[in-house]
Structures are given as C-alpha cells and as structure tokens.
Amino acid sequence: MNNSFANTVRLFGAGLRALLVLTLVCGVLYPLLVTGVAQGLFPGRANGSEITSDGTVVGSRLIGQRYDLPLKAGEQTPAPDLKWFQPRPSNGLGTNSVNTRYALILSGATNRSGDNADLIAWVTQAKAAVVKDNSTADFTVRPADVPADAVTSSGSGLDPQISPAYAELQVHRVAERNHLPVAQVGKLVAEHTDGRILGFVGEPRVNVLELNIALKALLAR
C-alpha cells in the first residue's frame, strides 16, 4: 500500500515537472524565439502587413475594406461612397458590429453553385449597379464590360485586391466625382497595378486601399 502510494506520488511529480518544463519551452520560450526572429527579419509581415497613412495605421495589405457612405435611416446596407475606388463584393460567413470599416468577421466563400437562384440574383443586381454607378456623362459602361471580380466575392470574402480591368472601369467615375482629369486618375491606377509574381504566378492586381490612399494624397495636393 505504501509502495503504491509512493509510486503514485512519484509519477504525479514527474508528470507535473514535465508539464512545467513543456509549458516553459513550448508556451514561453518557443513563441518568444519565433516572435523575435519574425520581428527581426520580417517586421512588416509579423505585424499584419499594416498600411499607414499620415502616420496612422489604416488597414492591412491583406484584408479588404469597404468605402461606404454613412448608413441612412431605413437603409439595411449603406450605399457605396463613389468618390473612392470600390473593392469587389464581400460575402463572408458572418458579420460584427465592432469593426465598422469591414463587417465580415469570418472568412469563407458562399459555396453556391452557378445555377443557384440567390447567386444569380446577386450577380445580376451587382452588375446593374456597377453599370449605373460607373457610367458618367462622357463614358458609358456596357454590361459586357463588367469583369467577374466586380460582381462576385473572392473565395475568402476578404480579398483586398481587384483586377486592373475593374480598377480601370472605375476611373471615369472617380475622376468625375473628384473633379480630376481622367488621364491623371488612369495614371494612378497604372502606377498601383502589380504584375504577376515572378512574372508568371497569379494575375495582375490592384490593392484598393493603397490606391485610395494615393488618391487621397493626390486630392490633398
């Protein structure tokens, strides 16, 4: 009986020591080492690929944002602020009331098939809105001109980038709303268009937040 109790105490002590050592190594020392290496070698990425404007963090290079007008009485969803370049639609798995800059709290695709009635309705309505919003006095958008990313969300629902075609489609509207020459806004888009990674991976893309920051700076000048 005494030997059994002593063995139990010894095993309990060994287990407790192992727990403390593993907690120290895996829960304290290893995270500190990884964090230190990341901060030393990749500080920008380690901190969330933050984007700053006028010394203030305004978002992440990896997460999309909406550019909407304040919600009016009776509206369920705010209208887009058309003086800014707009991102692609954002259909995630949930919303929150804390982050008013971007309502999605869970990323994910809609997982609806191409013949789903809801998806067809969303795309049809989105295309009509893109045509209407981006047509100006001297520029008419045709439904055939609307690229796919203008009316569909990405697989994550959080895509911060749009295609150059969608950015160029918005140039006339942004120029008109901000009283800028079309050529000047078009040049801004060209300057913020990133090519394929290594020349062949992925597609050309435009980060909407970075583009709008450049537009804000242009307006300030």
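Every number in this text was worked out from the coordinates using simple rules, so none of it is lab data. This structure is a prediction, so every number in the text was calculated from the model and none was measured. Neighbour counts are summed over all protein chains in view; Cβ atoms, including those assigned to glycine, are modelled from backbone coordinates with ideal geometry.
Give me the log10 of I(q) over I(0) for the range 1-59 at q = 0.23 Å⁻¹, as the Debye formula computes it from C-alpha points; what are the numbers? For the range 1-59, the Cα-only Debye profile gives -0.89. A cut-off of 5 Å between modelled amide H atoms, ignoring neighbours fewer than 5 places along the same chain, links GLY59 with ILE51. Its Cα gyration tensor gives the chain an equivalent ellipsoid, and the semi-axes of that ellipsoid, as √(5λ) in whole Å with the largest first, are 48, 23, 17.
Phi angles of the range 78-84 translate, via the Karplus equation with coefficients 6.51, -1.76, 1.60 and θ = phi - 60°, into HN-Hα couplings of x, 7, x, 7, 7, 7, 10 Hz per residue; Gly and Pro are given as x. Helix 30-41 and the longest principal axis of the Cα set of the chain meet at an angle near 40°. Select from the range 1-76 those trypsin sites (Lys or Arg not before Pro) which occupy a DSSP coil region and have at most 13 other Cβ atoms within 10 Å, ordered by residue number. Here the trypsin sites (Lys or Arg not before Pro) that fit, given the DSSP loop and packing criteria, are LYS72. Taking Cα centroids, how far is the range 147-171 from the range 5-57 in Å? If we compute the Cα centre of each part, the gap is 38 Å. State the answer as a single residue: which of VAL141, ILE120, PHE200 lies farthest towards the positive end of the charge dipole of the chain, with beta carbon charges of +1 for Lys and Arg and -1 for Asp and Glu, about the Cα centre. Result: PHE200, furthest along the dipole toward the positive end. Loop-located chymotrypsin sites (Phe, Trp or Tyr not before Pro) in the range 124-221 (DSSP state other than H, G, I, E, B) with a sparse environment of at most 11 neighbouring Cβ atoms within 10 Å: PHE200. Applied to the range 206-221, the Karplus parametrisation 6.51 cos²θ - 1.76 cosθ + 1.60 on θ = phi - 60° returns per-residue 3J(HN,Hα) values of 10, 7, 5, 5, 5, 5, 5, 5, 5, 5, 4, 5, 5, 5, 5, 7 Hz, with x for Gly and Pro. Helices in the chain, meaning DSSP H runs of at least 4 residues, each add -39500 (n - 2.57). Divided by all residues, the mean residue ellipticity at 222 nm is -13000 deg cm²/dmol. For a straight C-alpha distance cut-off of 28 angstrom, the lysines reachable from LYS72 (same-chain residues fewer than eight places away being disregarded) are LYS83, LYS127, LYS132, LYS216.
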